[in-house]
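Taking it in order: structure first as structure tokens, then the write-up.
The values are calculated or read from the model by the stated rules, or taken from the named source; none is laboratory data. As the structure is a computational prediction, the values presented were derived from the model and not from experiment. Positions of Cβ are backbone-derived with ideal geometry, glycine not excepted, and every protein chain shown enters the neighbour counts. When the accessible area is computed, the model is the full protein with side chains, heavy atoms only, and any ligands, DNA or RNA have been set aside. Shrake-Rupley method; radii C 1.70, N 1.55, O 1.52, S 1.80 Å.
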Amino acid sequence: MMLIELAKRLVREPLVHFLAAGALIFAVWGGGSDVADRTITVTEAQVGGLTGQWEQQWHRQPTPAEVDGLIRDLIKDEVYYREAVRMGLDKDDIIIRRRMRSKMEFLVAAQAENEVPGDAALQSWLDTHRRDYATAPALSFDQIYVGSDPEHARLALAQLNKGVDPATLAQTLSVPSKLDDAPSGDIDRQFGDGFAKALAALPPGRWAGPVTSGFGQHLVRLRKLTPGAVPPLASVRKAVENDWREANRVARENAAYQALLDGYTIRIAKP
């Protein structure tokens, strides 16, 4: 019973996943080369991989002569690789180090990308990140532009609340004087970032402000505010799954790195 529990715990360990993926890839591609060995063995799996890549690129099977050419090129790669390692050319090479890091990160990412989330996992993600998927609130409002002086804007507001016609106070500006059910993002694109948020905080049904835009001061009458809503999972499933996969990949990569890092003693000598 204890062995079964231990096995279950190991299966859930990121490092075990990481090492298993690495073992699989090395098994398929023939494993790491022994640079001290003077024998080069080209396996059937390697030849199959070469011909498969050829067929993907050229959309036909390679001829026997072309297969021989691919094998000769593979052997050339191996000879140069082993000789370069013997000469120590891989040491302190930043490009090689980055390439090897990328391969290690690929092993973790491959594990995460193969995982298929169920409806429960995606619904949980949507429930936890509701704000990311909610539709933007929509607003209906009237506005007049009264220049750049906030004090002048406050005096104009007092006149509006006494019944003065808004048209007699408005200055010319190339933005609409009224909008109906406009998404907050569209409002911000026309008036500047934050304008819709400030507008949504105003009391509805009467002139208020001033609200500052990218042009200056506005007096605004909010007529209707329709709050944003979270759509059902079926409507945003693809976006939710993409975000879930990315978060899962990052979490697995961090966990795998931490598992490896825990096996090291780090000493840092700062100048």
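So the check is Cβ under 7 Å with 6+ separation or different chains; which pairs have a first residue in segment 144-165 that's at pLDDT below 85 and a second one that's surrounded by fewer than 17 Cβ atoms within 10 Å (Cβ to Cβ)?
So the pair list comes out empty.
Can you tell which of Leu107, Leu126 is over 24 Å from Pro231 (Cα atoms) and buried (at least 16 other Cβ atoms within 10 Å of the Cβ)? Step through it out loud before you land on a result.
Details: Leu126 fails: over 24 Å from Pro231 (Cα atoms).
Unique residue meeting the criteria: Leu107.
Against the condition open to solvent by less than 50 Å² (accessible area, probe 1.4 Å) and within 30 Å of Leu260 (Cβ to Cβ), how does Ala121 come out, does it pass? Give the steps one after another, and end with the answer.
Numbers: open to solvent by less than 50 Å² (accessible area, probe 1.4 Å): yes; within 30 Å of Leu260 (Cβ to Cβ): yes.
Judged against the criteria, Ala121 is a match.
Which residue out of Gly69, Gly22, Gly52 is at pLDDT 90 or above, within 29 Å of Arg249 (Cβ to Cβ) and in a helix (DSSP H, G or I)? Even if it seems obvious, please write down each step before you answer.
On the way: Gly69 fails: within 29 Å of Arg249 (Cβ to Cβ); Gly22 fails: at pLDDT 90 or above.
Every option except Gly52 fails the conditions.
Check Phe141 against each of (1) outside any helix (DSSP H, G or I); (2) over 30 Å from His218 (Cβ atoms) and name the one condition it does not meet.
Status for Phe141: all satisfied but (2).
Considering each of Phe141, Phe191, Phe195 in turn, give the residue that is open to solvent by less than 80 Å² (accessible area, probe 1.4 Å), in contact (Cβ under 8 Å) with a residue 60 or more places away in the chain and either in contact with a Lys or Arg (Cβ under 6 Å, 6 or more places away or on another chain) or farther than 30 Å from Arg237 by Cα (or both). Break it down stepwise before answering.
Values: Phe191 fails: in contact (Cβ under 8 Å) with a residue 60 or more places away in the chain; Phe195 fails: in contact (Cβ under 8 Å) with a residue 60 or more places away in the chain.
Within the list Phe141, Phe191, Phe195, the selection yields Phe141.
Is segment 31-49 home to any residue that is under 26 Å from Ala256 (Cα atoms) and in contact (Cβ under 8 Å) with a residue 24 or more places away in the chain?
The first filter runs over segment 31-49 and keeps only residues under 26 Å from Ala256 (Cα atoms), leaving 31-33.
Narrowing the set further to residues that are in contact (Cβ under 8 Å) with a residue 24 or more places away in the chain leaves 33.
Yes, some residue in segment 31-49 is under 26 Å from Ala256 (Cα atoms) and in contact (Cβ under 8 Å) with a residue 24 or more places away in the chain.
Give segment 69-93 a look and list any residue that's open to solvent by 90 Å² or more (accessible area, probe 1.4 Å) and either of a type in the set (A, V, I, L, M) or in contact (Cβ under 8 Å) with a residue 60 or more places away in the chain (or both), or say none.
If the condition is that a residue be open to solvent by 90 Å² or more (accessible area, probe 1.4 Å) and either of a type in the set (A, V, I, L, M) or in contact (Cβ under 8 Å) with a residue 60 or more places away in the chain (or both), then Met87, Leu89 are the ones that fit.
For segment 144-157, name all the residues that are among the small types (Gly, Ala, Ser), open to solvent by less than 50 Å² (accessible area, probe 1.4 Å) and part of a loop (DSSP other than H, G, I, E, B).
So in segment 144-157, the residues among the small types (Gly, Ala, Ser) come out as 147-148, 153, 156.
Now narrow it down to the ones that are open to solvent by less than 50 Å² (accessible area, probe 1.4 Å): 147, 153, 156.
The one that is among the small types (Gly, Ala, Ser), open to solvent by less than 50 Å² (accessible area, probe 1.4 Å) and part of a loop (DSSP other than H, G, I, E, B): Gly147.
Which is open to solvent by 30 Å² or more (accessible area, probe 1.4 Å) and either aliphatic (A, V, I, L, M) or out of contact with any helix residue (DSSP H, G or I) (no Cβ under 6 Å at 6 or more places or on another chain) (or both), of Val230, Val211, Val220, Val240? Step through it out loud before you land on a result.
Working: Val211 fails: open to solvent by 30 Å² or more (accessible area, probe 1.4 Å); Val220 fails: open to solvent by 30 Å² or more (accessible area, probe 1.4 Å); Val240 fails: open to solvent by 30 Å² or more (accessible area, probe 1.4 Å).
Result of the check over Val230, Val211, Val220, Val240: Val230.
Could you say whether any residue in segment 259-271 is open to solvent by 40 Å² or more (accessible area, probe 1.4 Å), farther than 30 Å from Ala153 by Cα, at pLDDT below 90 and assigned to a helix (DSSP H, G or I)?
Yes, some residue in segment 259-271 is open to solvent by 40 Å² or more (accessible area, probe 1.4 Å), farther than 30 Å from Ala153 by Cα, at pLDDT below 90 and assigned to a helix (DSSP H, G or I).
When segment 158-185 is examined, which residues are found to be farther than 13 Å from Asp142 by Cα, surrounded by 13 or more Cβ atoms within 10 Å (Cβ to Cβ) and in contact with a strand residue (DSSP E or B) (Cβ under 8 Å, 6 or more places away or on another chain)?
Result: Leu169, Gln171, Leu173, Pro183, Ser184.
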